[in-house]
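Below is one structure; the comments refer to it alone.
The values are calculated or read from the model by the stated rules, or taken from the named source; none is laboratory data. These numbers were taken from a predicted model, which means no experiment stands behind them. FYI the Cβ positions are ideal-geometry reconstructions off the backbone, even for glycines, and counts take in every protein chain you see.
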Amino acid sequence: MEIKFNILLIDDEQDVRESIRDRIMESLPLARCSEAKNGSEGLRKMQNQRFDLVITDLGLPIKDGNTVIKEAQDLPLDLRPKRFMIISGQSNPDATPTKFGKVEFYSKPIHWDIFLGSVNALFNGETKPESSAEPKKPGATLDVEFINPFIEATLSVLQITAGVQAEKKGVSLRTASQTSSGDISSIIAMNSQKYLGSMAISFDEKCFLAIVNNMLGENYNTINAENQDAASELCNQIFGSAKKVLNEKGHSIQPALPTIITGKSHHIKHTAAGPVVRVQFLTPFGPFTIEAVTEKRES
């Protein structure tokens, strides 16, 4: 069997490494997983082979995970890992060195569906040579701080409107040509004088219905015309709260109305060409995601 993806797992606990390795191999049979028990050993392996993905703990012996990620960026380009994932129960993801590359944070204990979904998404379509990847379009921008108001608004809106305690589980990037899926989504334009963009929130049916039933005091067991407007209301409240914060920082985002998209495992494709920031959340009823993307207007 031809190996397509090389992954490095760095964790000082052997059972954790084995658990992650076994799950990945079940999900990605074309992957090869190498292992390292400390940060120094992990960096030595990176000096001899280029990895498509490095998955590391933060609390590592000898050299911690943040140091590993930083020093990996000093490797020659042909050895520098393409992406990083952090799995840790010891640190806040806001403290990780995201400016050094594509870094996603997952807290322990691991929510396997979300984690493996993200791993699979990273390698979606990467059987093609790297040179054939979609070129970046002029004007594509990404402000990491831009997504924070949406994260805070999402957590607050769900707590206030539905009494649902959500938890941020991971942040990732995907290109605007890729798609994400759900059973019900709401998307809203996010435009200003400087850029074009959009924001979307997507739920699987089970998660959506549990949140809606909490909001409305009903007992719906399917998505229908009576309850789907709740997705629009959630999107509108999250957008409005985040817009207020961003406009106070000078973004001047224009008012907009959300659109509902329904259908089993439908796909969302943003029209803006910038990098799509995808935030995964976990609730007691299952996961959901929000996305935001902006593209500078042509001058």
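Below is a table of values for the structure above.
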read-out: Residue within region 143-150 that is touching a Ser or Thr at 6+ places or on another chain (Cβ under 7 Å), modelled with pLDDT of 80 or more, β-branched (Val, Ile, Thr) and closer than 27 Å to LEU234 by Cβ present; value: no
read-out: Restricting region 212-232 to residues that are free of Cβ contacts under 8 Å to residues at least 12 places away in the same chain and surrounded by 14 or more Cβ atoms within 10 Å (Cβ to Cβ), the residue that is farthest from ALA153 (Cα to Cα); value: TYR220
read-out: Unmet requirement for ASN214, which otherwise passes all of (1) in contact with an Asp or Glu (Cβ under 9 Å, 6 or more places away or on another chain); (2) assigned to a helix (DSSP H, G or I); value: (1)
read-out: Counted residues, region 257-299 - those being touching a strand residue (DSSP E or B) at 6+ places or on another chain (Cβ under 7 Å), more than 15 Å from ASP204 (Cβ to Cβ) and small (Gly, Ala, Ser); value: 4
read-out: Odd one out for ARG278, checked against (1) surrounded by fewer than 18 Cβ atoms within 10 Å (Cβ to Cβ); (2) of a type outside the set (Asp, Glu); (3) closer than 21 Å to GLU152 by Cβ; value: (1)
read-out: Pair list, Cβ under 9 Å, 6 or more apart: region 253-271 residue within 18 Å of ASP229 (Cα to Cα) and among the charged types (D, E, K, R), other residue modelled with pLDDT under 85 and surrounded by 15 or more Cβ atoms within 10 Å (Cβ to Cβ); value: none
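A quick yes/no check of all residues on (1) assigned to a helix (DSSP H, G or I); (2) at pLDDT 90 or above:
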position: ARG23; (1), (2): yes, no
position: LEU43; (1), (2): yes, yes
position: ASN66; (1), (2): yes, no
position: ARG80; (1), (2): no, no
